[in-house]
Structure formats: structure tokens, C-alpha cells
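Structure first, commentary second.
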Amino acid sequence: MGPERPGPAAPDAALASASVSSARRDVIVVGGGHNGLVCAAYLAKAGRDVLVLERRDLLGGAAVTEPMWDGYRVSSAAYVVSLLPERIVAELDLKAFGYRVSIVSPDYFVPFPDGTSLTFWGDLRRDVENIARLNERDAAAYVAFDRYFAHVGDLMRRLLFVVPPNMRMTDLLSWARTSAKLRGWTGRDIHELVRLFTMSAADLLDEWFEDPRVKGALATQAVVGAWAGPMTPGSAYVLMHHWIGQVDGHLGAWGWVHGGMGGVSEAIAGAARAAGAEIRTAARAARVVVNPAGRAVGVELEDGSVIRANQVVSSLHPKTTYLDLVGREHLPSDVIHDVERIRTRSGSVKVNLGLSGLPAFPSWDQEGSVHRGLTAVSPSVEYLERAFDDAKYGKPSQHPYVELVFPTAHEPQGLAPPGKHVMLAFTQYLPFDTPNTVRTRDAWAKKVIAACAAYAPELTSLVEHVEVLTPRDLEDRFGLLGGSIMQGELTPDQLFSFRPIPFYGDYRTPIKDLYLCGAGSHPGGGVMGIPGRNASTVMLKDARRDRVIDRARRMVTWG
């Protein structure tokens with residue numbers, strides 16, 4: 001059985017007492033993050049009259065480039081792109097609106113305490129040669145591992161653009177359509193996917209490799225953005241989630257967006273505007289207006305004004321949308337229960353640094369520039385697990401996981417003053433409940449710099465500016481509840497038809513004409529835009545259906 005439907009709501013005073021716009025928009029998009037902008041662009045291209053409301057003065061949500069210090073421009077939250085599909089780039093013609101990406105290469109450089117290192121280039125021959133320097137058996141195993149991940153990744157990509165069917169008898173036809181997309185899957189494929197969703201990354205890597213350095217280097221993506229360690233059940237899927245992207249045809253690659261991550265959002269906004277969408281910044285939505293019939297009919301702004309609309313879609317966190325913008329009084333009790341128990345924990349901390357120069361890594365043993373790739377402090381699976389152990393018991397990690405990128409190695413001008421550089425560090429784990437003070441931030445910055453300086457001794461003397469964004473800062477600035485960059489954990493009970501909550505995985509909500517399009521919906525977090533695109537297809541379908549129903553009713557009335 002599905003959830004109970006909301007009963008008639010009390011008459012809404014907002015439409016009677018507030019300043020109400022005389023014009024009714026087809027769609028209001030709440031939140032100008034990249035998913036909201038993608039949704040707006042597709043709807044506008046389909047001929048809908050679209051208005052985007054963004055509370056900040058800056059578009060992009062967490063995919064922004066912000067002025068920092070004196071002469072610096074920093075991707076303050078998101079820092080690289082990989083999961084944005086080429087399909088969306090092509091359909092929205094984002095390159096025509098300034099979207100330019102250079103591949104972050106190598107994929108990963110991981111130095112180790114014994115002075116060795118391991119570099120992954122995304123080139124099987126080179127990667128096997130590099131692994132063989134550490135362990136010849138693991139090098140041979142990596143060939144099969146790479147083939148395995150490519151196959152399972154292809155299976156996962158087939159589900160990205162699927163609108164998840166809900167768990168109701170009325171959704172049997174949708175399940176049949178979904179099954180058709182999985183034609184060719186074998187029982188072995190299904191078993192491997194179940195294993196990925198339920199097993200730990202540590203167990204998975206143990207099946208393939210023996211050298212702790214190799215496993216440590218490969219485990220990096222199993223913990224990024226997750227409230228989990230590599231030994232946590234389900235972390236194997238988190239590893240896969242970060243490997244299903246591509247840049248310019250290179251599977252699993254990361255890309256630096258020229259102009260910073262704000263370049264992604266500005267390009268999508270450009271596509272939306274070109275298609276006719278209106279975008280307003282500094283326009284905070286206070287609530288979704290729900291009429292007595294339980295239907296979303298507009299949005300009330302913070303200044304009390306109301307803008308009417310036929311459909312409303314939110315890219316905000318599902319909890320924020322349901323509990324703050326809609327309100328418990330309009331929701332069934334079981335929906336409230338399901339929303340309240342969405343797990344949205346995080347220990348992610350973004351550390352942005354201004355440097356007087358680029359640090360050398362003595363263990364770098366490859367041709368090319370180490371600074372044009374990603375560097376990770378991830379010497380072993382045990383190192384990552386101990387970092388999570390600290391946070392699990394309420395303490396900041398003594399030895400944090402750190403992932404580095406140097407934007408000025410890709411874009412020497414425009415991001416920093418002449419001769420200066422930017423280093424962006426994505427780090428873990430700092431519990432959300434840690435006192436959010438200057439002392440906390442300073443202590444964390446010192447740990448991160450020390451962890452990196454163990455492999456790049458010059459770094460400490462090069463640091464001139466530091467910004468630390470704790471999980472609470474990420475919540476306050478970007479609306480990422482709990483600091484979760486995924487808008488909710490990527491666990492089996494919060495994926496596909498269960499994301500964000502059971503019975504509403506198809507981007508619809510219990511409120512008619514209200515939809516979700518953020519990372520809290522399928523297929524999850526990362527700068528991908530797929531939730532926005534998928535939600536737009538559902539909204540267009542519903543709008544067409546409603547027009548047919550309205551015409552039929554008019555014909556019956558006239559007859």
C-alpha cells in the first residue's frame with residue numbers, strides 16, 4: 001500500500017493578504033543550483049514560461065566561483081566536474097555558453113610514507129606499469145578489475161536517466177518500462193550490483209589486491225562525501241558512483257572547468273536564459289503556497305509577495321523543501337516520518353588555500369606535471385578507516401583524508417594574482433556537532449596542511465591564505481543539510497525508488513504540481529544535472545496530461 005494522501009488544507013491566507021503577482025508562470029524553480037538551472041533550461045526549451053528563484057546573489061548553489069582574499073577567485077565548494085554527462089552538455093549546447101573543461105591528469109597521484117607513490121592516468125597500460133613497481137600480482141589483477149568496473153559502470157549508467165518507478169501496484173507499467181532498459185542484464189550482473197550496494201569497499205578491494213598501498217589509492221573515492229569509512233557496508237557503491245562519470249569521452253576522468261565551478265552554472269544559466277527562462281537572484285523563497293485542495297499554486301517570497309505558478313519544482317534539500325517550504329500541516333504523517341529520517345550526515349570540510357608557489361612532491365616519479373592532476377593523502381584503507389573512527393565517536397580525525405587540486409596549474413591567469421596559486425583541498429572527517437569556531441577551523445587547517453606537508457615539505461612555507469568550510473558552514477552557506485554534498489547519504493535505502501523517500505522517487509511529491517529536482521533525488525549527488533533533467537521530463541509529461549484532462553472536461557461541460 002502507498003502512503004495516505006493529504007486531506008484538505010486550511011484556507012491559505014497568503015493569496016488573500018499578500019501582494020500577488022497578476023501573471024501566472026508555467027513553472028517556478030526554487031533554487032538556482034546547477035540542478036535547478038538544468039531543470040529550468042530543459043523546461044524553457046520545451047516552451048514553458050519559467051522563473052528561477054535563487055536566495056543568494058550568486059547562481060550555482062555549491063557549484064560557484066567566488067571572489068576571495070585580494071585578487072583570488074575560488075571554487076569555494078565543488079571543485080572538479082566528472083558526472084555531468086556529455087548528453088546534457090550537448091542537449092543544452094553548453095559549450096556555446098562558455099563551458100570549457102580541461103582533463104585533470106593524472107586521475108590520482110597518491111604518495112606513501114615509505115617514499116614510494118602510485119599514479120593513475122586512466123590509461124590501462126600506464127596504470128598497470130605503475131602498479132607493477134609496487135606489486136606485480138596486483139598489476140595483473142588490475143587488468144581484470146578495470147574490465148569489471150567498466151562493465152558494472154555501464155550497467156549503472158543505464159539507470160541514470162531512468163525515472164524511478166514507485167513502490168505501488170499502479171506503477172507496474174513503469175517497472176516494466178524500466179525492466180526493458182535493463183535488457184541484456186544477466187543474473188551475474190544483478191548479483192554484482194547487489195554486492196556493490198551492500199558490501200564495503202575494503203572487502204571489494206581485498207578480493208582483487210594484496211598491497212595495502214594499491215588498496216589505499218583505490219579506496220579514495222569510496223569515502224568522498226560519505227559518512228562512512230572504507231570498511232562500512234555500502235561504501236563499495238560510493239566508489240562506483242564516483243567512477244561512472246566522464247570528461248570528453250574519457251571514462252572516470254575528472255575535469256577542471258575554466259573559470260572555476262561557477263563556469264558550469266553560468267553556462268547552464270546562459271542556456272536557460274537563451275531558451276526564455278527568467279532568473280532572479282537575491283530572491284529567497286519563504287514557502288510554497290498550497291491551496292485547500294492540496295495543490296501547489298505558487299511561491300511566497302521572504303518579502304511577503306506571492307508569485308503564482310502552474311507547477312513548482314525545488315532543487316533544495318528534500319528536508320528543506322518538505323518541512324520548511326511546504327510545512328507539516330500539508331503533509332501526510334507517514335511522509336513526515338520518512339522525510340525526518342532521511343540521513344544527511346557528513347564529515348566533509350572544504351579547505352581553500354592561497355599559495356605563493358606550487359609545492360614539490362619528492363615522490364613524484366612520472367613525466368608531466370603533478371599539479372595538473374588530483375593528489376590524495378590516502379596511504380592505506382586502514383588510514384581512511386581510522387580517520388572515520390575518530391569522527392564516528394565524535395572527534396575530528398587526527399589524520400584526515402585529503403584530496404588536492406591546483407586550479408592555477410590549469411588556468412594560470414584569472415584565478416590568482418600574478419605569481420600566486422590556488423590549492424583546493426576536499427577533506428574528511430569533522431563531525432557536524434563540533435563547535436563551529438575560529439579555533440576549530442584553525443586546528444583543522446593545521447592538520448590538513450601537516451598531512452599534505454608530509455609528502456610536500458615546502459607547502460607549509462607557501463601558505464598565505466586559508467579558508468575552512470566546516471560541515472556546518474556548508475549547511476549555512478549552501479543549504480547542504482548536515483554538510484552532506486550528496487543531499488542525503490548514498491545507501492541502498494536512500495537510492496533509486498527510495499530516494500529521497502519511498503513512494504516518491506519519481507520526482508513528484510504528495511503535493512500535486514510540486515516536484516523535486518535536486519541531488520536528494522535520483523541518481524544523487526555530484527555536479528551531474530541528471531536530477532534536473534529527469535524531473536523536467538516528468539513535469540512536461542504531467543503538464544501534457546493535465547491539458548488533455550482539461551480539454552476533456554471542457555468538452556463534457558459544453559456538451
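The values are calculated or read from the model by the stated rules, or taken from the named source; none is laboratory data. Only a predicted model underlies this, so the values are computations on that prediction, with no experimental measurement involved. Here the Cβ is made from the backbone with ideal geometry for all residues, glycine too, and neighbour counts use every protein chain on show. Only protein heavy atoms, including side chains, enter the accessible area calculation; ligands, DNA and RNA are left aside. Shrake-Rupley method; radii C 1.70, N 1.55, O 1.52, S 1.80 Å.
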Can you tell me which of (1) at pLDDT below 95; (2) under 30 Å from A267 (Cβ atoms) is the one T491 doesn't meet?
(2)
Could you please find all residues in the stretch 296-307 being closer than 18 Å to L516 by Cα and open to solvent by 30 Å² or more (accessible area, probe 1.4 Å)?
E300
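For every residue, the table says whether it meets (1) more than 26 Å from the chain's Cα centre (by Cα); (2) open to solvent by less than 50 Å² (accessible area, probe 1.4 Å); (3) within 30 Å of D211 (Cα to Cα); (4) at pLDDT 95 or above.
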| position | (1), (2), (3), (4) |
| --- | --- |
| L325 | no, yes, no, yes |
| H337 | no, no, no, yes |
| N352 | no, yes, no, yes |
| E367 | yes, no, yes, no |
| P379 | no, yes, yes, yes |
| L384 | no, yes, yes, yes |
| A391 | no, yes, yes, yes |
| Q398 | yes, no, yes, yes |
| E403 | no, yes, yes, yes |
Which pairs turn up if I take residues in the stretch 184-207 that are modelled with pLDDT of 85 or more and look for partners that are among the aromatic types (F, W, Y) with beta carbon separation below 7 Å, at least 6 apart in sequence or on another chain?
L196/Y237; F197/Y237
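Farther than 15 Å from N352 by Cα and open to solvent by less than 40 Å² (accessible area, probe 1.4 Å): is that true of G419 in this structure?
Working: farther than 15 Å from N352 by Cα: yes; open to solvent by less than 40 Å² (accessible area, probe 1.4 Å): no.
Judged against the criteria, G419 is not a match.
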Mind listing whichever residues of the stretch 451-478 are open to solvent by 30 Å² or more (accessible area, probe 1.4 Å) and touching a helix residue (DSSP H, G or I) at 6+ places or on another chain (Cβ under 8 Å)?
T460, V463, V466, R472, E475
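May I ask you to verify whether C517 is within 30 Å of L58 (Cβ to Cβ) and touching a Pro at 6+ places or on another chain (Cβ under 6 Å)? I'd like the intermediate steps shown before the answer.
Working: within 30 Å of L58 (Cβ to Cβ): yes; touching a Pro at 6+ places or on another chain (Cβ under 6 Å): yes.
Considered against the rule, which asks whether it is within 30 Å of L58 (Cβ to Cβ) and touching a Pro at 6+ places or on another chain (Cβ under 6 Å), C517 comes out as yes.
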Exactly one condition in (1) over 20 Å from G32 (Cα atoms); (2) open to solvent by less than 30 Å² (accessible area, probe 1.4 Å) is not met by H522; state its number.
(1)
Does D324 satisfy the condition of being in a helix (DSSP H, G or I), free of Cβ contacts under 8 Å to residues at least 40 places away in the same chain, more than 18 Å from P230 (Cβ to Cβ) and among the charged types (D, E, K, R)?
yes
Among the residues of the stretch 182-214, what is the count of those that are β-branched (V, I, T) and surrounded by 13 or more Cβ atoms within 10 Å (Cβ to Cβ)?
2
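Can you tell me how many residues in the stretch 538-559 are in contact with a helix residue (DSSP H, G or I) (Cβ under 8 Å, 6 or more places away or on another chain) and either over 19 Å from V52 (Cβ atoms) or open to solvent by 10 Å² or more (accessible area, probe 1.4 Å) (or both)?
The first filter runs over the stretch 538-559 and keeps only residues in contact with a helix residue (DSSP H, G or I) (Cβ under 8 Å, 6 or more places away or on another chain), leaving 539-540.
Now narrow it down to the ones that are either over 19 Å from V52 (Cβ atoms) or open to solvent by 10 Å² or more (accessible area, probe 1.4 Å) (or both): 540.
Count: 1.
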In a strand (DSSP E or B) and touching a helix residue (DSSP H, G or I) at 6+ places or on another chain (Cβ under 9 Å): does that describe N310?
yes
Looking only at the stretch 153-181, how many residues end up being open to solvent by 30 Å² or more (accessible area, probe 1.4 Å), in a loop (DSSP other than H, G, I, E, B) and within 22 Å of G252 (Cβ to Cβ)?
1
